[in-house]
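Visitor: Below you'll find the structure I mean.
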Amino acid sequence: MRVAVLAATITELTEVGYAALTVDAVAQRAGVHKTTIYRNWKTSDRLVADALTHHFATDIPIPDTGAVKDDLRALARSLVAVMTTHAGRALLATALSDAVRTPELAEIKRALFEDRFRRAEPVVTRAVERGELPEGTDPGELLKAMVAPVYFRLVFTGEPVDATTADRAVDVALAAAHARALSAP
């Protein structure tokens, strides 16, 4: 039931956006009664937050190849693969357009990114422990440096985003980390 409701929520977000999403529509699409949704998620904001977190955690797994460059490339390529799908672009558009008007969605977006970075931090932590990255490298800053070029192209320039974009973003983030530009404050 949980997976069906979360999938239905993602589909609704993709098709109608956050502002038009209703628990009734999600319940109908998932084949459950709306009271079931309210029993498990007290508000539609919690439902959306849980659905987005589950969606991105499932579609962008955290790799552990034993080499930081390979791990980061896998992460960046997964991000590109997810964000260039119809659903990924629709979810991004929803998050960007509706977040300005809807403080709840802005908070969901912030929490979603915090969750993604928290899940990916071990990639950087393991690399520091193996001596692949300098001591004091801030995992969050490295991950932000890595995803920034991808989101910049997706959101602002509309340039194509592909595996080459992902690989270049990783190379730039790693160069910054090795130059100690991404150390914890």
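Visitor: Along the charge dipole of the chain, which of P185, Q28, F152 sits closest to the positive end, that is, farthest toward it, with unit charges on the beta carbon of Lys, Arg, Asp and Glu (+1, +1, -1, -1)?
Guide: It is Q28, whose Cα lies furthest towards the positive end.
Visitor: Next question. Please get the size of the charge dipole for region 105-153, origin at its Cα centre, with Cβ charges of +1 on Lys and Arg and -1 on Asp and Glu, quoted in debye to the nearest 20.
Guide: 300 debye
Visitor: Now for a separate question. With the other protein chains left in place, how much accessible area per residue, in square angstrom, belongs to the chain at a 1.4 angstrom probe? Each step should come with its number before you reach the end.
Guide: Values: 9340 Å² over 185 residues.
Solvent-accessible surface per residue comes out at 50 Å².
Visitor: With each label point set 7 Å from Cα along the Cα-Cβ vector, what nm distance links A87 and T125?
Guide: Using points 7 Å along Cα→Cβ, the separation is 2.9 nm.
Visitor: Here's another thing I want to ask about it. What is the calculated FRET efficiency for F152 to T58, with r their C-beta to C-beta distance and R₀ = 25 Å, to the nearest 0.05?
Guide: Step by step, r from the Cβ atoms, then E = 0.50.
Visitor: I want to verify a result. In a Gaussian network model of the chain, Cα cutoff 10 Å, which of these has the top mean-square fluctuation: G131, G17, G88?
Guide: Ranking G131, G17, G88 by mean-square fluctuation puts G131 first.
Visitor: Could you name the aspartates and glutamates in cross-link range of K42, using Cα to Cα under 12 Å and dropping any fewer than eight places away on the same chain?
Guide: Cα-Cα hits under 12 Å: D50.
Visitor: About the Cα centre of the chain, how large is the charge dipole given +1 on each Lys and Arg Cβ and -1 on each Asp and Glu Cβ? Please answer in debye to the nearest 20.
Guide: Computed about the Cα centre, the dipole is about 340 debye.
Visitor: If you count only protein heavy atoms and use a 1.4 Å probe, how large is the accessible surface of H178, to the nearest 10 Å²?
Guide: 100 Å²
Visitor: Under a point spin-label approximation (7 Å from Cα along Cα-to-Cβ), what is the H178-T36 distance to one decimal in nm?
Guide: Computed distance between label sites H178 and T36 equals 5.3 nm.
Visitor: Give me the lysines in straight-line cross-link reach of K144: C-alpha distance below 20 Å, same-chain residues under 8 apart excluded.
Guide: Hits, sequence-local ones excluded: K69, K109.
Visitor: Would you mind checking the tilt of helix 2-16 against the longest principal axis of the Cα atoms of the chain, expressed as 0 to 90 degrees and rounded to 10?
Guide: Once rounded, the angle reads 90 degrees.
Visitor: How big is the charge dipole of region 88-185 about its Cα centre, in debye rounded to the nearest 20, if each Lys and Arg gets +1 on its Cβ and each Asp and Glu gets -1 on its Cβ?
Guide: 160 debye
The values are calculated or read from the model by the stated rules, or taken from the named source; none is laboratory data. For clarity, every value in this text was computed on a predicted model and none was experimentally measured. Neighbour counts run over all protein chains shown; Cβ positions are idealised from the backbone, glycine included. With ligands, DNA and RNA removed, areas are computed over all heavy atoms of the protein, side chains included. Shrake-Rupley method; radii C 1.70, N 1.55, O 1.52, S 1.80 Å.
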